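Worksheet: one structure, shown below.
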Amino acid sequence: MKICLYFQVHQPFRLIDYSFFNIGRNHFYENAGLNQSILNKVADNCYIKANEILLELISKHKEDFKVNFSISGVAIEQFERYRPDVLKSFQKLANTGNVEFLAETYYHSLSFLYSLDEFKFQVEKHRDKIKKLFNQTPEVFRNTELIYNDELALAAKNLGFKGILAEGVDWILKGRSPQSLYKIPEGKNFKCLLRNYELSDDISFRFSDKNWIEYPLTVKKFVDKVLKISDGDILNLFMDYETFGEHQKKEAGIFEFLEKMPEALIKQGLSFGNAKEIIELYPANDTYSSKEFTSWADSERDLSAWLSNSMQYEALHKIYAIRDEILAIKNAELTEVWSKLQTSDHFYYMCTKYWMDGDVHQYFSPFNSPYDAYIFYMNILSDLELTLK
């Protein structure tokens with residue numbers, strides 16, 4: 001069995017508390033101080049240390065250990081601006097030949113839902129950035145927050161990709177295994193890698209949860225779980241990279257787990273592979289088809305993290321409604337401002353779900369409430385529209 005270990009790296013450009021009285025007076029929307037402080041914290045807690053561990057694992061295990069990343073364009077820009085040492089550490093990983101970088105939307109956006117042209121532009125912009133920085137042309141696609149449906153998969157295929165990552169959603173699989181490659185309804189040679197959410201979430205969400213019945217998650221327990229899998233060719237472990245040292249603190253032993261888990265699995269005869277390698281290695285004998293959009297966010301695995309209330313719908317509609325006007329002006333600075341306002345996090349902060357997933361939304365948001373997130377965002381849009389006029 002091959003293990004596909006994939007990490008998302010993303011940091012948004014967070015916005016200031018932009019009041020009604022700022023409209024027409026202040027055209028600077030980014031909270032630069034907060035962005036820099038958060039990036040420094042996450043870089044010191046996660047990126048630098050975790051990248052060092054991965055380099056050591058690659059050096060030790062050679063072809064048996066490989067890893068996959070997608071890094072949003074807005075995260076890369078913050079590395080360039082605030083922490084070039086982090087960018088260099090990712091480039092060191094790229095130079096090993098054991099690390100594959102996947103493509104995504106440059107601005108970590110929901111553009112496919114609103115503008116196919118904007119989606120294509122952002123994917124190509126991201127692909128060019130990865131080629132420039134890491135000397136790789138991505139051949140596997142990973143959409144924002146693993147948002148997926150048949151139409152999106154076909155669009156990725158038409159952009160020249162060989163495969164796509166998706167959540168292994170139970171109501172789509174209907175008892176089938178996420179440990180197999182799947183094809184899409186239109187495109188026999190285009191394959192889906194499906195996330196094993198149970199084992200992925202054991203690490204990313206439950207690792208330090210003392211109320212979890214299986215706490216603590218030791219390397220032995222995890223390996224035993226993997227070895228109990230009796231079906232399929234692959235195991236897809238997909239998670240936020242910030243799991244290591246940021247969401248799960250080093251005091252919980254998460255770095256020791258990262259250091260020892262791969263070797264324990266390799267000793268059992270398993271190996272880690274790159275996404276493109278796995279796609280080329282195994283056949284896809286069955287179809288994974290979803291007309292509805294799915295994602296890896298929240299317990300619903302749908303779009304409700306970004307589209308579950310009228311505030312989110314209005315904000316998303318308005319930002320994409322001015323696309324033609326923005327592009328017609330041909331002002332690079334305004335276009336860049338508009339593009340960053342598409343980042344999905346802005347709408348995630350507006351979510352008003354207060355049941356199982358409410359605490360997660362609150363954890364990530366820089367605002368006191370979803371209503372503040374909405375009001376400040378709409379004030380910014382009002383100022384941007386005034387600037388356009």
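The values are calculated or read from the model by the stated rules, or taken from the named source; none is laboratory data. Just so you know, these numbers come straight off a predicted model, no measurement behind them. Cβ sites come from the backbone with ideal geometry, for glycine too, and all protein chains shown count toward neighbours. Just so you know, the surface numbers come from the protein's heavy atoms only, side chains and all, with ligands and any DNA or RNA stripped out. Shrake-Rupley method; radii C 1.70, N 1.55, O 1.52, S 1.80 Å.
Computed from phi, the 3J(HN,Hα) profile of segment 261-270 under the Karplus parametrisation 6.51, -1.76, 1.60 (θ = phi - 60°) reads 4, x, 4, 5, 6, 4, 5, 8, x, 8 Hz, with x in place of Gly and Pro.
Sorting 252-260, 274-282, 170-178 by average packing, meaning the other beta carbons within 10 Å per residue, from highest down gives 274-282, 252-260, 170-178. Residues whose amide H lies under 5 Å from that of ASN331, counting only those 5 or more places away or on a different chain, are absent; hydrogens are built 1.01 Å from N in the peptide plane. Considering only DSSP beta bridges whose two residues both sit in the chain, what percent are antiparallel, to the nearest 5? Antiparallel bridges make up about 15 percent of those DSSP assigns within the chain.
Remark on LYS191: its backbone amide H falls under 5 Å from those of GLY163, ILE164, a criterion applied only to residues 5 or more positions apart or on other chains, H modelled at 1.01 Å from N.
Quick check on the chain: helices-only [θ] at 222 nm, where DSSP H runs of length 4 and up contribute -39,500 (n - 2.57) each and the sum goes over total residues. Nearest 500, please.
About -13500 deg cm²/dmol.
Here segment 11-124 has 52 percent of its accessible surface on carbon and sulfur atoms, given a 1.4 Å probe and all protein chains in place.
Projecting the Cα atoms of LEU258, TYR18, ILE38 onto the charge dipole of the chain (Cβ charges, centred on the Cα centre) puts LEU258 farthest toward the positive pole.
Taking amide hydrogens as placed 1.01 Å from N in the peptide plane, the amide H of CYS4 sits under 5 Å from those of LEU235, ASN236, LEU237, GLY273, each at least 5 positions away in sequence or on another chain. Across segment 122-136, rounded Karplus estimates of 3J(HN,Hα) from the backbone phi angles (6.51 cos²θ - 1.76 cosθ + 1.60, θ = phi - 60°) give 5, 5, 5, 4, 5, 4, 5, 5, 5, 4, 5, 8, 10, 6, 10 Hz, Gly and Pro being marked x. Couplings for segment 68-73, taken from phi via the Karplus curve 6.51 cos²θ - 1.76 cosθ + 1.60 with θ = phi - 60°, read 10, 9, 10, 10, 5, x Hz in order; Gly and Pro are left as x. Averaged per residue, segment 70-150 has 32 square angstrom of accessible surface, using a 1.4 angstrom probe with ligands and nucleic acids left out.
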